1. Within region 12-59, can you find the residues that are surrounded by 21 or more Cβ atoms within 10 Å (Cβ to Cβ), touching a Pro at 6+ places or on another chain (Cβ under 7 Å) and within 25 Å of VAL116 (Cα to Cα)?
2. With VAL47, VAL62 as the choices, which residue is touching a strand residue (DSSP E or B) at 6+ places or on another chain (Cβ under 8 Å) and not in a strand (DSSP E or B)?
3. THR63: open to solvent by 10 Å² or more (accessible area, probe 1.4 Å), hydroxyl-bearing (Ser, Thr, Tyr), under 13 Å from GLY233 (Cβ atoms) and touching a residue at least 60 places away in the same chain (Cβ under 8 Å), yes or no?
4. Would you call LYS208 open to solvent by 20 Å² or more (accessible area, probe 1.4 Å), modelled with pLDDT under 95 and under 17 Å from the mean Cα position of the chain (by Cα)?
5. Just to be sure before I move on: is ASP174 open to solvent by 30 Å² or more (accessible area, probe 1.4 Å) and assigned to a helix (DSSP H, G or I) in the structure I sent?
6. Look through region 108-155, keep the residues that are of a type in the set (D, E, K, R) and open to solvent by 50 Å² or more (accessible area, probe 1.4 Å), and return whichever of them is nearest to SER11 (Cα to Cα).
7. Can you tell me which condition PHE213 does not meet? The list is (1) open to solvent by 50 Å² or more (accessible area, probe 1.4 Å); (2) of a type outside the set (Val, Ile, Thr); (3) closer than 14 Å to GLU185 by Cβ, and all the others hold.
8. Count, please, the residues in region 1-37 that happen to be touching a Lys or Arg at 6+ places or on another chain (Cβ under 6 Å) and in a strand (DSSP E or B).
Amino acid sequence: MEALGIDIGGSGIKGAPVDTARGVLVGERLRIPTPVPADPASVAAVVAQIVEHFTWSGPIGVTFPGVVVDGVTRSAANVDQSWIGEDARALFAKATRLPVVVLNDADAAGTAEMAVGAGRGRAGVVLMLTFGTGIGSALFVDGRLVPNTELGHLEIRGKDAEKRASDHARENHDLSWDKWAERVEEYLQHVEALFSPSLIILGGGVSKKADKFLPKVAVRTPVVPATLQNEAGIVGAAMAAATAAGR
């Protein structure tokens, strides 16, 4: 039950083989900086490089930071705009000569957390939010995914929420953890009012530093850091590939 998971982010593209039953990496993760510009051909070349690095010959799951419908990318908030309308599944399959599944990056991370992480066994509405270059979201109702929610683009104070409250915004505006926590709290209160979740899971690279800001965030809903932290996208992508392959 192994598949290769590849997670495309705004700053880095990461990949590793995954034991999809246990939800753990079975090889050292490889990270390559996201090319600039992050156009389809350049990103596909990096995906192929990761596949070659692991001498991989099985199913591959690839995440994308935007809306993905039937393998076609429909938005491109933090990568090159030429991705809009691209058949990413066909592109990566051609670059790797292997079967590929493509899905939204936060949906992949949420899938992993619901299977083996902080959301395991949780009923009701569970919301996974990933804080990185932008803010990704994955919404689950009784364990079933509602795909492509893209809640990082909700408007807060006249701007996309991710422009104010993403980890990139924290670094770009040199915000203290206290000041950033205020922005995260405002955003979480907004999504809480819209969806009344029973649990909110915070993922992305910043989940490793949850102790620096999470105690300062006050909302009614229980909020916990992602168990798999920044590896959740890789694990969820591999799980999707294994499912598609019937494994």
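1. Answer for region 12-59, where residues must be surrounded by 21 or more Cβ atoms within 10 Å (Cβ to Cβ), touching a Pro at 6+ places or on another chain (Cβ under 7 Å) and within 25 Å of VAL116 (Cα to Cα): just PRO59.
2. Numbers: VAL62 fails: not in a strand (DSSP E or B).
Residue meeting the stated conditions: VAL47.
3. Details: open to solvent by 10 Å² or more (accessible area, probe 1.4 Å): no; hydroxyl-bearing (Ser, Thr, Tyr): yes; under 13 Å from GLY233 (Cβ atoms): yes; touching a residue at least 60 places away in the same chain (Cβ under 8 Å): yes.
No; evaluated as a whole, the condition is false for this residue.
4. Working: open to solvent by 20 Å² or more (accessible area, probe 1.4 Å): yes; modelled with pLDDT under 95: yes; under 17 Å from the mean Cα position of the chain (by Cα): yes.
In short, yes.
5. Numbers: open to solvent by 30 Å² or more (accessible area, probe 1.4 Å): yes; assigned to a helix (DSSP H, G or I): no.
When the stated conditions are applied, ASP174 does not pass them.
6. Per the stated criteria, the residue is GLU155.
7. PHE213 satisfies every listed condition except (1).
8. Count: 5.
The values are calculated or read from the model by the stated rules, or taken from the named source; none is laboratory data. The structure displayed is predicted, hence computed values, not measured ones. Positions of Cβ are generated from backbone atoms using ideal geometry, with glycine treated the same way; all protein chains shown enter the neighbour counts. Just so you know, the surface numbers come from the protein's heavy atoms only, side chains and all, with ligands and any DNA or RNA stripped out. Shrake-Rupley method; radii C 1.70, N 1.55, O 1.52, S 1.80 Å.
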